[in-house]
């Protein structure tokens, strides 16, 4: 993997073709980006914002502060799946931080800080910030290198993000010929987080994190027990160079869901715009396929069931939850369950996001109508059998009170 801040992917049962996002009406390279990085870049260029620096982390701390990214979101990945791979190994993992819109990757002694974002019109857009504090901080947009990897079937055929689980040696090198997994909320924990550090409790469930390959002849024979229920990483690496000592399991779970959901929002948006632009008598309708997959993702269809409670090691769970919009009963779509499933109310918080709100009217109307029909049990499709009546009622009530500009039919009493 040459580029990017995070690596996530869609499961194999989704086989979207590649969208021609370089041509009209998308114009990925030339259409003006509109996202938090573009805003910060403009403020830095005008002198309105000047990033402070430190000898230990360069511009990282200031960057996170200006982007409102919590340090508690830190995750540590030691597989060589970044274009700064030569600086990464199990003793010097890359740190990844994120919020709802932006991802930041930092490597010890790295030349640059990696930044990417989910742009409402363009999907994944990639940037670098020089980390040489002897020079002025400057953010540059990637010229096309990153989309060589970050635009494929793994990202629903659009510029986006994906999470990758590999079998890696202590040097961080993934073993060729072994299984690799592209993971999201549907993936069993047993396939997740190979090449990542993971801190937190997960009971009898097991994952691939915290373990390195020691048997080169049988690289998939990991000792997963030594990687289970790890709270303290200090006996595995020097955590002092990092902003946090954690690589929180809950943050990792949120990252996987978020990356996939954003990819499907982008796919739905781009496919709809292409269909609306088409002069053909029967324009392509694959935007509906993307919209259906987006609906499944928003409602956590086919989510892997948790068999033991999950508990993070940092303040990430509380920090994430505190950002939620709450209804009159103090319920939020950012409330966690972490006992049998990830979220207490299984409808994605990304329904409030700018990319979702910026969907073309045809697509947004379609998604909201389908969501309403599913949540009111007018539609009882199999993918949504996991939603109990109390789940559906709670989600409708929360959205009615917290989401602006819902169609009038959402005001109907269930």
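Where a number appears in this text, it was derived from the coordinates with a stated rule and is not lab data. Keep in mind that this is a model prediction, so the values were computed, not measured. Every residue, glycine as well, gets a Cβ built from its backbone with ideal geometry; the counts of neighbours run over all protein chains shown.
With the cut-off at 1.5 for a/c, could you classify segment 14-143 from its C-alpha gyration tensor as rounded, prolate or oblate? Kindly include the intermediate steps, with their values, before the conclusion.
Working: a/c = 1.92, a/b = 1.25, b/c = 1.53.
Because a/c hits 1.5 or more and a/b fails to exceed b/c, segment 14-143 counts as oblate.
When the chain is modelled as a GNM with alpha-carbon springs shorter than 10 Å, which of 27, 130, 390 fluctuates the most?
Highest fluctuation of the listed residues: 390.
At residue 390 and residue 48, where each label point lies 7 Å from the Cα along Cα→Cβ, what is the point-to-point distance in nanometres?
4.8
Rounded to whole Å and sorted largest first, what semi-axes of the equivalent ellipsoid does the C-alpha gyration tensor of segment 184-285 yield via the square root of 5 times each eigenvalue? Intermediate results must be reported in sequence, preceding the final value.
On the way: eigenvalues 316, 56, 31 Å².
Listed largest to smallest, the semi-axes of segment 184-285 are 40, 17, 12 Å.
Starting from the Cα gyration tensor of segment 342-414, take the square roots of the eigenvalues, sort them a ≥ b ≥ c, and report rounded, prolate or oblate (rounded when a/c is under 1.5, otherwise prolate if a/b is larger than b/c, else oblate). Don't skip to the end; give the middle numbers.
On the way: a/c = 1.43, a/b = 1.36, b/c = 1.05.
Rounded is the answer for segment 342-414, as its axis ratio a/c remains below 1.5.
Taking the Cα atoms of the chain, what is the range of coordinates along each of the three principal axes, in descending order and whole Å?
If we take the Cα atoms of the chain, the spans are 56, 51, 44 Å.
If you average the sequence gap of Cα pairs under 8 Å that are 6 or more apart and divide by the length of the chain, what percent do you get for the contact order?
Values: 847 pairs, mean separation 64.8, N = 414.
That works out to 16 percent.
With runs of 4+ DSSP H residues as the only contributors, calculate the mean residue ellipticity of the chain at 222 nm using -39,500 (n - 2.57) per run, divided by the residue total and rounded to the nearest 500.
Details: 8 runs with 101 residues, N = 414.
Helices in the chain give a 222 nm mean residue ellipticity of -7500 deg cm²/dmol.
Could you put 369, 273, 29 in order, starting from the residue whose Cβ has the fewest other Cβ atoms within 10 Å? All intermediate terms of the calculation are to be shown ahead of the outcome.
On the way: 369 15, 273 21, 29 12.
Lowest to highest Cβ neighbour count: 29, 369, 273.
Just for segment 48-176, what percent of DSSP beta bridges are antiparallel, to the closest 5?
Numbers: 25 of 25 bridges.
Rounded to the nearest five, the antiparallel share is 100 percent.
For each of 66, 150, 207, count neighbouring Cβ atoms within 10 Å of the residue's Cβ, then give the residues from fewest to most.
Working: 66 17, 150 29, 207 24.
Fewest to most other Cβ atoms nearby, the residues stand as 66, 207, 150.
Taking just the alpha carbons, could you work out the radius of gyration and Dmax for segment 24-101, both in angstroms?
15.6, 46
Can you say what percent of the DSSP beta bridges in the chain, counting only those with both residues inside, are antiparallel? Round to 5. Present the calculation step by step, with values, prior to reporting the outcome.
Numbers: 31 of 33 bridges.
Antiparallel bridges make up about 95 percent of those DSSP assigns within the chain.
For segment 272-411, just list the percent of Cα-Cα distances falling in each 10 Å bin from zero outward, please.
Bin by bin from 0 Å, the calculated values are 10, 38, 34, 14, 4, 0.
Using 0.36 nm times the number of residues separating residue 245 and residue 318, minus their current alpha carbon distance, what extension gain do you get? If you can, show how the numbers build up before the last one.
Working: separation 73, 0.36 × 73 = 26.28 nm, distance 1.69 nm.
Taking 0.36 nm per residue and subtracting the Cα distance, the gain is 24.6 nm.
Above 29 angstrom, tally the Cα pairs of segment 36-227 and express them as a % of all pairs, no decimals. Don't jump to the answer; show the numbers that get you there.
Values: 4788 of 18336 pairs.
The proportion of pairs with Cα distances above 29 Å equals 26 percent.
Please arrange 276, 76, 64, 294 by how many other C-beta atoms lie within 10 Å of their C-beta, fewest to most.
Working: 276 14, 76 26, 64 23, 294 29.
By the 10 Å Cβ count, ascending: 276, 64, 76, 294.
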